[in-house]
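J.: The structure under discussion is supplied below as structure tokens; questions concerning it will follow.
The values are calculated or read from the model by the stated rules, or taken from the named source; none is laboratory data. Worth saying up front: this structure is predicted, and the values here are computed from it rather than measured. Positions of Cβ are backbone-derived with ideal geometry, glycine not excepted, and every protein chain shown enters the neighbour counts. Note: accessible area is taken over every heavy atom of the protein model, side chains too, but ligands, DNA and RNA are not part of it. Shrake-Rupley method; radii C 1.70, N 1.55, O 1.52, S 1.80 Å.
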Amino acid sequence: LADDIIDINSESSESGKTPGTDLREGVPTLVTVRIIESADPSDAQLKELLSAPIHDESVVASTLKALRTHRAMKESRDLLQRYSDEAKDLIGVKNSLVKELDNYVDYQYQKGKDYGQKLGKPLNFTDLEFDKQGIPEQGLV
């Protein structure tokens, strides 16, 4: 999705891409799809241009100019930002859960070590009796 915005909004010197490649090839992008689906009558001419590949370079240039200032560009950027924020939140949740699991494993390891010390020997899980749920009956967990 970011590539869709870069194809319209950047210059070759910034992105290493030739702007308007998707327009020339008739490839729908997030920005152009938003315009094509628009019910706004003022988008009629732009919708017509976006309905097929654009081969005339002056039309590509004028279409890029129109797309760069169109509300669909802002809507697309906002959507991309929302997806980015949601992905970061999910990564944060995952990292938090991994940290909690790691802490739990450390806690259980320490409990096992302490229990082994009470027995006067290193804890060997083969020494434990487990109930039907897999929990050590000696109260380790």
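J.: Could you count how many residues in the range 32-56 are of a type in the set (Ser, Thr, Tyr) and within 21 Å of Ile6 (Cβ to Cβ)?
T.: Here the count works out to 1.
J.: Identify all residues within the range 21-39 that are more than 14 Å from Thr63 (Cβ to Cβ) and in contact (Cβ under 8 Å) with a residue 40 or more places away in the chain; write none if there are none.
T.: Of everything in the range 21-39, those that are more than 14 Å from Thr63 (Cβ to Cβ) and in contact (Cβ under 8 Å) with a residue 40 or more places away in the chain turn out to be Leu30, Arg34.
J.: Scan the range 10-39 residue by residue and report those that are open to solvent by less than 60 Å² (accessible area, probe 1.4 Å), at pLDDT below 85 and either of a type outside the set (Lys, Arg) or assigned to a helix (DSSP H, G or I) (or both).
T.: Across the range 10-39, the qualifying residues are Ser10, Ser12, Ser15.
J.: For the condition out of contact with any Ser or Thr (no Cβ under 7 Å at 6 or more places or on another chain), in contact (Cβ under 8 Å) with a residue 60 or more places away in the chain, part of a helix (DSSP H, G or I) and at negative phi, what is the one hit in Ser62, Ser42, Ser76?
T.: Ser76
J.: Does Phe130 satisfy being at pLDDT below 65, among the hydrophobic types (A, V, I, L, M, F, W, C) and loosely packed, with under 10 Cβ neighbours inside 10 Å?
T.: Criteria not met by Phe130.
J.: Kindly indicate whether any position in the range 15-34 is under 13 Å from Ala72 (Cα atoms), out of contact with any His (no Cβ under 9 Å at 6 or more places or on another chain) and among the charged types (D, E, K, R).
T.: For the range 15-34, residues under 13 Å from Ala72 (Cα atoms), out of contact with any His (no Cβ under 9 Å at 6 or more places or on another chain) and among the charged types (D, E, K, R): absent.
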